[in-house]
Each structure stands twice: as C-alpha cells, then as structure tokens.
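Here is the structure we will look at.
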Amino acid sequence: MKYVFFIFILSASLLACQNEAAPADGTATPAATEAADGLIHLSAAQLKEAGIQTGQPEQREIPTYLSCSGTIDVPPAYQQAVHSPVMGFVRDIRHLPGEQIRRGERLASIDHPDLVRLQRTFLETAAQLPYLQKDRDRKAELAQSDAASQRDYELAISELSIMQARYEGLKAELELIGIDAKNVEETKKIQSAIGIYAPTGGQLTHVEVRSGQLVQPETMLFQVTDDSHLHLELQVYAKDLHRVKKGQPVIANLPGEEAPITGTVHLVNQSIDMEQKTARVHVHLDEGTSKLAIGSFLFAKIQTDSRMALTVPEEALIRSGEEAFVFQETGNGFQRIPVKPGTAADGYVEISGNNITDRTPVALKGAYYINGTE
C-alpha cells in the first residue's frame with residue numbers, strides 16, 4: 001500500500017512540472033512571431049533613454065545648387081608688381097615671401113654707376129644756369145645799345161632755354177627714380193643707390209630676385225598683394241551660365257575643411273573661355289570670413305533656385321553603403337522604409353520613396369539607436 005502511494009505522489013509531481021513549463025513555452029512563441037514580422041520592438045524605458053521622437057516628414061523649401069570649382073583670389077588692382085625704375089644691382093633684400101608688410105616699407109636697394117652719372121650731370125647743368133642767365137642779360141643790354149648784334153642775344157636766349165629744359169628734365173628723372181633733386185642740388189651730395197619701397201600694404205607674395213642680380217626696369221622684383229578684399233573666382237560651364245545671376249548665395253569648401261565659406265555672386269563674366277568652355281563668376285565673401293590663402297583651390301555651390309520637397313532631419317536618415325532608409329513607427333515597433341535621399345540644407349534632407357508621404361510616422365530623433373538594436 002505504501003508503495004502504491006509513493007507511485008501516486010511521483011506521478012503527480014511530474015504532471016505538475018509539465019504544467020509549470022507550459023506557460024514558458026507559450027510566452028516564447030509570441031516573441032518569435034514578433035521577430036519574424038520585421039519590426040524592431042523597444043520598451044518604454046528604451047524609448048525614453050534613447051530620446052526617440054517621432055513625427056511626420058514635412059514639406060520644406062529646398063535650394064537647387066549648381067556645382068562648380070574655383071580659387072581664392074584678389075582683384076587685379078590689389079596686386080602690385082614692384083620694379084626698379086633703373087638698371088642696377090639688387091642689394092639689401094629685407095623680406096621673405098609670405099611676410100606682411102606696410103605701405104612705404106623698404107624692400108631692397110638698387111645701385112649702379114649710371115645713378116652717379118645722372119646726378120653729376122644734373123649738378124653740372126644746375127651750375128651752368130646762373131652763368132647763362134647773366135650772359136643773356138648782358139647781351140640784352142648790349143643789343144639795346146648796338147654794342148652787340150641781335151643774333152648774339154638770340155643765341156644766348158636759345159642756350160639758356162636749352163639748359164633750362166635739360167635741368168628740368170634731369171630733375172624730373174631724378175624725382176621719378178626716387179632721388180630728391182632739390183636735396184642733391186643744395187647739398188651737392190650724390191647717392192649711389194636708391195631704395196625700392198612697397199607701393200601698398202599686404203602680403204609679399206613673390207620675391208623674384210636675389211642679392212647682387214643685375215636687373216632691368218622691366219624685371220619684376222616683388223609682388224605685393226593687398227589681401228583685404230579676397231573674393232572667389234569660380235569657373236562655370238557655358239551651358240549653365242544662364243542659371244547664374246547677381247545676388248545668388250554661394251557656399252564653398254576647401255578640400256579637407258568642414259567649415260563652409262559663404263558669399264554672394266557679384267559679377268558674371270559673359271566672356272567664354274573657348275578652350276575650357278567656362279566663364280568666370282566673381283563672388284564677394286560675407287563679412288567675418290577668416291583670412292584665406294590666395295590661390296587656394298575649392299569646390300563651390302551656387303544656389304540658383306529653390307523648390308518644395310518632402311524632408312526629414314538629417315539624423316532621421318540612416319545610410320548603409322549605397323542604401324538609405326528611415327524607421328517608420330507602427331503600432332508595436334519600428335520598421336525600416338527604404339528612401340532615396342536628395343539635397344540637404346539647414347539640417348534637413350530631401351527624401352522620396354513609394355512607401356513614404358507627409359503622413360507617414362517616422363523616427364525623427366534616435367534613429368541610430370533603433371538601428372543599433374537590430
């Protein structure tokens with residue numbers, strides 16, 4: 001009897017264990033069904049912790065851009081080539097390329113024996129003038145009293161006029177090459193060299209000579225660039241030129257730099273480079289633009305138009321290789337919806353697709369968190 005009772009107790013225990021395991025199996029089945037439906041399920045705590053916010057895509061004005069390239073430049077009037085006014089030897093080069101210099105700052109000096117000869121001739125001419133003036137006055141008196149011929153008086157006038165013209169010419173020549181003729185005449189001191197000075201302030205962009213080099217007046221010694229008026233010089237293909245107009249906004253980027261350079265179209269050159277099939281577009285930079293290296297290459301976009309388009313915040317769009325998608329909110333979770341991204345502007349990106357409209361609920365924030373829970 002005891003043995004039968006033991007068997008009964010053992011059988012009841014086994015039946016109870018099977019009944020307790022049944023609910024666990026029943027719970028696992030719905031979870032497997034939810035995973036199979038392609039949805040991503042998050043708890044209320046996960047939604048809150050990730051800061052996930054949902055909403056609908058909205059129609060926004062999206063700009064239409066024309067892509068081009070160009071360089072950072074300055075107007076021709078702001079670039080000054082520096083030459084020597086006379087033939088001579090270069091001495092005392094004081095600056096290196098890239099240095100900032102002030103207007104009137106000495107860059108180098110030029111010396112040559114011709115400078116000495118020119119000043120000597122000027123002093124000799126100046127010394128003869130008093131004698132010729134007195135000779136003219138004396139012959140004028142003699143001519144009036146018939147003590148000298150009228151011809152001698154006229155000859156004296158001619159010699160004086162020639163010498164005066166020579167004096168004025170030499171004086172102007174000295175002033176032109178930077179020598180103070182009045183000081184030379186008064187002190188009788190001849191200088192063997194002249195200074196070469198910066199015609200404007202800015203950056204010394206080129207130093208084309210070396211000390212001791214013999215240069216001619218046509219030889220460029222230095223180039224000084226006033227970088228206070230930088231601009232963008234863009235190259236636009238001729239077929240797109242009709243889309244570009246004065247006043248259009250421009251966004252540019254230097255290769256490897258994230259910070260954009262902004263400006264406005266100021267001038268559209270209608271002259272076409274027949275070799276490159278491009279025309280130049282002059283862009284003025286916005287105020288507050290930091291100093292940029294002249295001649296730097298860059299990529300630019302000219303806003304030529306705008307249109308209304310369906311958009312989402314850029315953080316709502318997930319990119320994976322060549323694919324892009326957003327997460328659509330359903331009653332029980334989130335589902336990936338493939339979309340085609342378009343133009344991005346002001347933190348929003350244009351999207352299009354067969355399964356999305358301005359009424360589709362999507363994850364506007366926290367999309368990367370949802371994507372990471374797959």
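Details
- Counted charge near residue 309, where neighbours are those whose Cβ lies closer than 13 Å (Asp, Glu -1; Lys, Arg +1): -3
- Whole-number percent relative contact order across the chain, with pairs defined as alpha carbons under 8 Å at least 6 apart: 26 percent
- At the residue level, residue 83 shows approximately 80 square angstrom of accessible surface with a 1.4 angstrom probe and all protein chains present.
- What a 1.4 Å probe finds exposed on the chain is 51% carbon and sulfur by accessible area, rounded to a whole percent.
- Each stretch of four or more DSSP H residues adds -39500 (n - 2.57); spread over every residue of the chain, this sum gives -10500 deg cm²/dmol at 222 nm.
- Segment 199-273: GluC sites (Glu not before Pro) in DSSP loop, at most 13 other beta carbons within 10 Å: 218, 257, 258
- Cross-link pairs 239/340; 340/365; 245/301; 134/189 - those with Cα-Cα distance over 21 Å: 239/340; 134/189
- Here the simple spin-label model places points 7 Å from the Cα toward Cβ, and for residue 307 and residue 103 these points are separated by 5.0 nm.
- Computed over the chain, Kirkwood Rh from alpha-carbon pairs, angstrom: 30.1 Å
- Sparse packing (at most 10 other Cβ atoms within 10 Å of the Cβ) combined with a DSSP loop state is found for the following trypsin sites (Lys or Arg not before Pro) in segment 72-102: 102.
- Under the simplified labelling scheme, the residue 270-residue 140 pair shows an inter-label distance of 6.4 nm, with each label point 7 Å from Cα along Cα→Cβ.
- For the chain, the membrane-span-like helices by this rule, meaning whole DSSP H stretches whose C-alpha atoms cover at least 15 Å of axis and whose Kyte-Doolittle mean is -0.5 or above, are 2-36, 150-176; this says nothing about an actual membrane.
- Electrostatic bookkeeping for residue 290 treats Lys and Arg as +1 and Asp and Glu as -1; over the other residues with beta carbon under 15 Å from its beta carbon, the sum is -4.
The values are calculated or read from the model by the stated rules, or taken from the named source; none is laboratory data. Note that this is a predicted model, so its numbers are computed, not measured. Reconstructed Cβ throughout: ideal geometry from the backbone, glycine too, with neighbour counts over all protein chains shown. Note: accessible area is taken over every heavy atom of the protein model, side chains too, but ligands, DNA and RNA are not part of it. Shrake-Rupley method; radii C 1.70, N 1.55, O 1.52, S 1.80 Å.
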